[in-house]
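Reviewing the structure listed below.
The values are calculated or read from the model by the stated rules, or taken from the named source; none is laboratory data. These figures come from a predicted structure and were not determined experimentally. All Cβ positions, even for glycine, are placed from backbone atoms using ideal geometry, and neighbour counts span all protein chains on display. For the accessible areas, the whole protein counts, side chains as well, though only heavy atoms, and no ligand, DNA or RNA atoms are used. Shrake-Rupley method; radii C 1.70, N 1.55, O 1.52, S 1.80 Å.
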Amino acid sequence: MKVLAILLGAESAPACLDAAMLAATALPDPTVEALHVVVDPEKIVTSSEEVQFQRLREQREGTAEQRAEATRTAFVTWINGADDAAPKVQWRAVTGTEEQTVCAEADEADVLVLVLAPEHNMDSGDALHAAVFRSQKPVLVVPHDWRAGSRRSFAHIAVGMSDSAATQHAIESAGPWLRAAERVTAIRIGEQDDAALGMTRLLSELGTTPELHIVAAQGSDLGAQIVAEAKSAGADLLVAGAYRHAQMIEWLMGGTTRHLLAAADIPLLMMH
């Protein structure tokens, strides 16, 4: 199965590739592809406004060619330091708009998980929207400066529990990693008789024996609290559903998914 690592820039490339390697360890016969989308305003077919935006960014981020070369250099540097026993990683650069290209690559390939480490650039928001909201594939989001270090797998996985189809989809899609984990912690911000705790049955059906961790809500930022609880438990990875409500509503009103993405400083596996 394929792991598609979406390289959004030179700074975040090592984090993205490290996470892709850990994701691959739980898969049978894995392949890993590093994809960099070259958003070149001279070659993409899009609105005139988008072309102008892309030209303006060159003043701060460099040209598309310069960004691609820097990302490629970061990829080669990472490859040179990679473990010889790790799955081989193929590099591919595709010219196009970020969101459309990510969606097309996810749709056309047998991709099990998309991996990306957002940076502070224009491509990150487009890639994140395409991956989480449109791809219908599991998405592994990692902090841009995160590194695997001595980890060889996601050994301790926390699961953010909610009574929603999104959480069910996230748990089902995380099956390979949950089964391979040494420890699984099910976290619920709520009450002892919460309906969301029924999701522990699904975790058991996947072959895990989850440790149940129930805590009362502290304020309205549930996303940040779930991340804090996962970190406190020592988890390597947090699994959570994405966008229980319409994305625009979450963006305007604030929602758990938005808060999760803002607060997560550990890898976050999401599924819409």
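Counting only protein heavy atoms, what percent of the accessible surface of the chain is carbon or sulfur at a 1.4 Å probe? Intermediate values should be presented prior to the final figure.
Working: 6320 of 12610 Å².
C and S fraction of accessible area: 50 percent.
For the peptides 21-31, 126-136, 5-15, 142-152, the ranking by mean Cβ contacts within 10 Å, running from highest to lowest, is 5-15, 126-136, 21-31, 142-152. The phi-based Karplus calculation (6.51 cos²θ - 1.76 cosθ + 1.60; θ = phi - 60°) puts the 3J(HN,Hα) values of segment 173-181 at 6, 8, x, x, 6, 5, 5, 7, 5 Hz, whole numbers, x for Gly and Pro. For T95, nonlocal amide neighbours, meaning residues 5 or more places apart or on other chains whose placed amide H falls under 5 Å from its own, are V38.
Length gain on complete extension for the stretch A180 to R55, per 0.36 nm per residue less the alpha carbon to alpha carbon distance?
Details: separation 125, 0.36 × 125 = 45.00 nm, distance 4.55 nm.
Contour length minus Cα-Cα distance gives 40.5 nm.
For A117, the residues 5 or more places off, or on other chains, whose built amide H falls under 5 Å of its own are L8, V142. Between A93 and E211, the C-beta separation translates, for a Förster distance of 41 Å, into a calculated FRET efficiency of about 0.40.
Here's how it looks for V239: its modeled amide H is under 5 Å from those of A158, V159, G160, L269, which are all 5 or more places away or on a different chain. Taking the DSSP beta bridges with both ends in the chain, the antiparallel portion is around 10 percent.
Of the chymotrypsin sites (Phe, Trp or Tyr not before Pro) in segment 67-123, not one is in a loop by DSSP (not H, G, I, E or B) with at most 10 other beta carbons within 10 Å.
For a test of the definition: using alpha carbon positions, the gyration tensor, and the 1.5 limit on a/c, classify segment 127-170 as rounded, prolate or oblate. Taking the square roots of the gyration eigenvalues as a ≥ b ≥ c, segment 127-170 is oblate. Whole-Hz Karplus values for segment 114-123 come out as 9, 10, 8, 10, x, 10, 8, 9, 5, 6 Hz, taken residue by residue from phi with 6.51 cos²θ - 1.76 cosθ + 1.60 and θ = phi - 60°; glycine and proline positions read x. Annotation: peptides 65-73, 225-233, ranked by per-residue average of other Cβ atoms within 10 Å with the highest first, follow the order 225-233, 65-73. Per residue, how many Å² of accessible area does the chain show with a 1.4 Å probe? In whole numbers, the chain has 46 Å² accessible per residue.
Entry note, the chain: the mean residue ellipticity at 222 nm calculated from DSSP H runs of n ≥ 4, each adding -39500 (n - 2.57), is -12000 deg cm²/dmol after division by the residues and rounding to the nearest 500.
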